[in-house]
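Shown next, in structure tokens, is the structure this report addresses.
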Amino acid sequence: MSDVLAAMSARFLANRHELMAYLMSLDPDPVLAEDILQEVWLALAKEAAEGRLIHQLPAWCRAVGRHAWIKQRRAQRRERPDDAAVAELLDRAFAQEPREPEAWSQQLQALRSCLERLGAPARHLLQRRYVDDADTATLAGELAAAEETVLMRLSRVRGRLRQCVEGRLGGADGT
Amino acid sequence: MEPDAGELLARWRLGILDAAELDQLQRILRDPQRAAAVADDIRFDYAMRDGLRQHAASQQRIPVWRPRARRWWLTLAAGIAALLLLAIGLWPARAAPGTWEVATGSVQLAGDGAAIQQGTRIPDGRTLLVANGPDAALRRSDGTVVQVAAGTTARLAADGIVLRSGAVACNVVPQGSGGRFAITTDRAVVTVHGTVFSVGADAEATAVSVDAGAVAVERLVDGSAVQLSAGRGTLVRATGPLADVGSAPGPDWSDRRPVALVRLWAAVDTTGNPRSYAHVPAQTDLATPTGRAAFRAALADEGAELAGRLVRAGCQAALIWDVEGHQAGSIMYVGDPTRLGDLAPEMDAAIDPYVAALAAAGLRTGVLLRPERLERGADGAWRQQPIVDHGAHLAAKAAYAHRRWGCTLFFLNSAVLPGRRLAPDAVAAVQAAVPGALVICEHPGPTDWGRAGGWSIAPTAAMDGDLALRHPGAIRVVYQPSGSERGIVDPRHDVLLREVADLAP
């Protein structure tokens, strides 16, 4: 690997969470997001091969990722008229206060620690919803509860988790 | 997160927002403060997913990835066992039956650039890049071998390879009933059942040529298809018919006299001579009118003298290798005479009498052509851009050389192409632009033999027996270095001449 590519790859890796978060705001399919992540790296490698340095790397990565996502949707005939506009607005939202790699690292650590402190049922509920992609009706069936109840529980657990993370990042125990 | 914003975004992703809701979402995102809060919530949700998976992994419970239903209120299918998380891939990649490993060379994984060396298995579903350097070869568990040209990006798929750009050459073992091996590009799907073939792809076209066996090629945009057998090829563009191109008898190749390979470049002092041309009088500054006039006169004299030597040596033609000179720091063998004025104005002003002298002596003349697009970047540097659909580019360059100098001999420099394979219609395009042209292919493909001569460096005139059987009209052009700029001194020369003469019909 050339020095230019190695340097840019290191910055890319350091900023990958910011890019993945943006990509998953466009489409919840994690496999697609991973595919696009690789596409962005390939575009980076091409720039590096031609000796071109990218200075605003996070913004550049989001732009390349956005175009790759739109291209994918077009190829699958799933493109909607508002795709580009909303994707652009989300990009601007991310650009306002970009999160640095160090901040990501701290948040991820804090979150893992807070997850350990959650009760198993609460953690399981989050797992089923946010990793297994179970919809509200399925969760309601599993919990023998109404869908509104499931939504309320999710909101509450998520809120507690967020409070805990903010507390840890703020230096106090927020639980 | 404002519940409204989060719910609206989730519904947008699912494609179930109505117009009023879309408007509401866009208004929220246009408000900087609210948009920042939305982004923050998105980041938190992502981090939460990451934390949950890490937690599950640490509990030695393999996270289950389930296919996501399009309609969120339907129940999901049974889970699929996920793969272990990769260093960069935070989410499980698509599984691919059949395992791949690197047989020779090395490949880089897109996303982190990790290098996979020879003998190592390639993680499923990853996109690969073969960096500039030696080609690589991949071997699948069923014995299929795929050569991947330097500069190629490709992804291993369940039933073959998705070729993003570049070129692959495949030796596919018979797949058996129900088996399938396919190369998919942006434009086409090439399905095979056990054969030897090549596929090259870029954003504009996909080129396919078959050495042995049979393949089916289907254009994705409209489903039009063609079946190709050995010695046939096709070029898939966005529109237009899918032609079945094969080798065909070319112009008369019965003249077996030598072709002189002429180099205009020499390892000389480049002061005043930036393209390092030979035959520049000492202390001549080619940037000045006087210098250029002196160069033109010197080159004209050289042309006349060279013509005499080549005629006495029994040559039929002079093939000029490097009329554009050595472009310092970037490109050697430019192969684009249409750019002579931009790249070498001093030669542009001097070359015509030189070539005219050769032609006046009864010699055919020719130039080297490169199947790439020469472009000037924003930094002012010239770069060659590889293109799959290069037939028209080559034809334009050949037509220019023919109009200006009467050239009827062309060397196609296919070594610069990924996979070293010309487009199936490239030779035909040149011969259509210059009827009767003799074309020499540096690396002839199955559709080139017979139509053009195949370049060979082996020091023998005999045709490879298998090649002669597969391509009865094949012509081989043997390269034999002379060892001297001022005359033919290699002792093998006479022997080779006799061998070639003996083989002539």
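Every read-out reported here was derived from the displayed coordinates using simple, explicitly stated rules and does not represent laboratory data. Only a predicted model underlies this, so the values are computations on that prediction, with no experimental measurement involved. Here the Cβ is made from the backbone with ideal geometry for all residues, glycine too, and neighbour counts use every protein chain on show.
Points to keep in mind about this one:
- Centre separation in Å (Cα based) which lies between the range B:410-461 and the range B:267-336: 26
- Choice from A:PRO98, A:PRO81, A:PRO30 showing the highest fluctuation, given a GNM over chain A with Cα pairs closer than 10 Å: A:PRO81
- Result for chain A in a Gaussian network model with C-alpha springs under 10 Å: among A:PRO28, A:PRO121, A:PRO58, the largest mean-square fluctuation is at A:PRO121.
- Cβ-Cβ FRET estimate between A:ALA137 and A:ASP3, R0 fixed at 35 Å, reported to 0.05: 0.05
- Exercise: per-residue mean of other protein chain Cβ atoms within 10 Å, A:94-107: 3
- Separation in nanometres of the label points that stand 7 Å from Cα toward Cβ, at B:ALA297 and B:ALA248: 5.0
- Using θ = phi - 60° in the Karplus curve 6.51 cos²θ - 1.76 cosθ + 1.60, the 3J(HN,Hα) couplings for the range B:282-296 round to 4, 6, 9, 9, 6, 7, 9, x, 5, x, 5, 5, 5, 5, 4 Hz; x is entered for Gly and Pro.
- Look at where the Cα atoms of the range B:207-243 and of the range A:137-167 average out, and the two centres are 55 Å apart.
- Gyration tensor (alpha-carbon) shape descriptor, the range A:39-94, a/c threshold 1.5: oblate
- Residues with amide H under 5 Å from that of B:THR127, placed H, sequence gap 5 or more: B:ALA110
- As a size descriptor, the averaged projected area of the C-alpha convex hull of the range B:1-42 was calculated at 2.5 nm².
- GNM result for chain A, Cα springs below 10 Å: residue of A:ASP27, A:ASP83, A:ASP135 fluctuating most strongly: A:ASP135
- Vicinal HN-Hα couplings computed from phi for the range B:197-212 (Karplus, 6.51 cos²θ - 1.76 cosθ + 1.60; Hz; Gly/Pro x): 7, 10, 10, x, 9, 9, 5, 9, 7, 10, 10, 10, 9, 10, 8, 8
- Placed amide H near B:SER165: partners under 5 Å, 5+ positions off or other chain: B:THR153
- Here the spin labels are modelled as points 7 Å beyond Cα on the Cα-Cβ line, and at A:THR149 and B:ALA36 they lie 4.0 nm apart.
- Span from the the range B:1-58 Cα centroid across to the the range A:113-129 one, whole angstrom: 20
- Coupling constants for the range A:56-71 follow from the phi torsions by the Karplus curve (6.51 cos²θ - 1.76 cosθ + 1.60, θ = phi - 60°), and in residue order they are 9, 4, x, 5, 4, 4, 5, 5, 5, x, 4, 5, 5, 5, 5, 5 Hz; glycine and proline get x.
- Residues whose amide H lies under 5 Å from that of B:PHE181, counting only those 5 or more places away or on a different chain, are B:VAL192; hydrogens are built 1.01 Å from N in the peptide plane.
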